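Report on the structure given below.
Bear in mind these aren't lab numbers, they're just calculated from the coordinates by the rules spelled out. Since this is a predicted model, take the numbers as computed values, not measurements. As a convention, Cβ positions derive from the backbone with ideal geometry for all residues, glycine included, and neighbour counts pool all protein chains shown.
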């Protein structure tokens, strides 16, 4: 018999574990743990492809467990089950555990099954690419796993901030990044079409659209751009969407601790290079391979039309005069 | 004469000013009283919000697995009925003496029963159903607790079990407690006091929530999971001849002496804006005062805090209170006519 993918489920409620075991066991080898510590021990032994974890557990919270799980099995796809979307937990986990998806309790069985299936596919793709890369390196006799930082200064685009605020940030960042700013979505689209952007730092509120819609539209054409949300708006629903629809790199809330922002941008720029050299590391892009984007709502179409217009305008300008 | 008339005039002016001042003071007083009422109401809504948040979490877990169990049972039912119908069609053709498809039919029945056996679907489905009942019981219990906590369908002043009130407050606060502290109960047996149970439960919930908040941050949020720093809340009830004493102790951060003097003042809070209105304890104080009881606090910074509530077992009433009470009961019975009983 063909070996089944391994799934680890962590929840402090045994009845939930039993239910998920029943739900998943036809297609997967299911491991269960009632707390994070046991979960980590299982991860050390078993080739787990997908981890499903509850958030609220005594001793170790879900996002903390997933953060440590990432260190043990970086390729395992992490899914968080949240019973009640409490703000603190969501904000913590967006930035700490690099979650693939949030699922709400009570969950729908078919949705959960499809997310786990997608998780396994993304995991396999990710592992395959990394094995391939290791193989290539061995052939080349190159043993360094270090990713070379390109000499070029990464372009960072700020969207939706006051000029004074951007000026303040530029001062902190100009030694390492080329910073530009756009106040509107159309202006941002033109900037993106004009030059290769590594990282977009965006507000969440624009006149007609929110930041997740805007960044998702950019993503379609520029999947390697790493997105960071920087805002005063603390909104769990928005944070969940920014993970589930956008796989946002960080969701930062103002005020920022000193030095924090520079570090985030450095990590984001590095991530952008990873995406360019190994596209499978881009979870959102890899997931899209298996589930073609079904985003056909009006805001998406409208935004994409405006992006096309910006691209066309830039192309016309840059083409040499006849 | 001029002096006298000037004096009278100035006296009259003073009197007029005094009168105006009195009127405007009274107006001000009414305004303040009204805004105070609004604030108390908003504090009630805030704790109601917390309560709902906790309950939603507690209910979503059983709701989650019960729902999923039913979906899985449906799936399993499909597999079982499929196997039975395959078997039936085989036995029908056999009875007719038709052996031509026997091999393929047998194969098909075997395949299906193999899956049923491999995953032990018959036993497991039964377990899923009985666990679903456990989940439904849990939801029912939560609703019962909410009902006990709010006591909307009862007259306001009557004998109530103090331990039961504490337990219902604990269930509601459970969501917040779970990640932060273990709770130890040291209850005196059968502690019944004549009280406004709904109001008293509100006080208990407030004190328990404060205790949980004093034990911050929740383990895991800082990455620390040191067992020695595990939060602990001890709830003690003591029966005395005339009094019921309730102690709620935590091993949290404690309250600084300069804050301790002020904690029962309205609007005094050390929490960040949006986290607390600073009215919780002042309302608790008022409720206990109305019961003819006392509320005291002892705290050591870094060691923890103990709140002690004492209420008389029998409610002592002034004629004024009696009148107000009968009015409240009247209102209550009116509302219970319009609201269906739970």
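Details
- Across region A:155-314, the mean sequence separation of Cα contacts (distance under 8 Å, 6 or more residues apart), normalised by length, yields a relative contact order of 25 percent.
- Average beta carbon contacts from partner chains per residue of A:13-21, 10 Å cutoff: 6
- Over region A:18-114, Cα pairs under 8 Å with separation of 6+ residues give a relative contact order of 25 percent.
- Square roots of five times the Cα gyration tensor eigenvalues for chain A, Å: 35, 23, 20
- Each residue, residue A:220 and residue B:74, gets one label point 7 Å from its Cα in the Cβ direction; the gap between the two is 3.3 nm.
- Prolate/oblate/rounded label for region A:155-314 (Cα gyration tensor, a/c 1.5): rounded
- Once divided by 2.2 N^0.38 Å, the Cα radius of gyration of region B:95-185 becomes 2.17.
- For region A:6-127, the pair-distance distribution built from all alpha carbon pairs, in bins 5 Å wide starting at 0, is 2, 12, 25, 28, 22, 10, 2, 0 percent.
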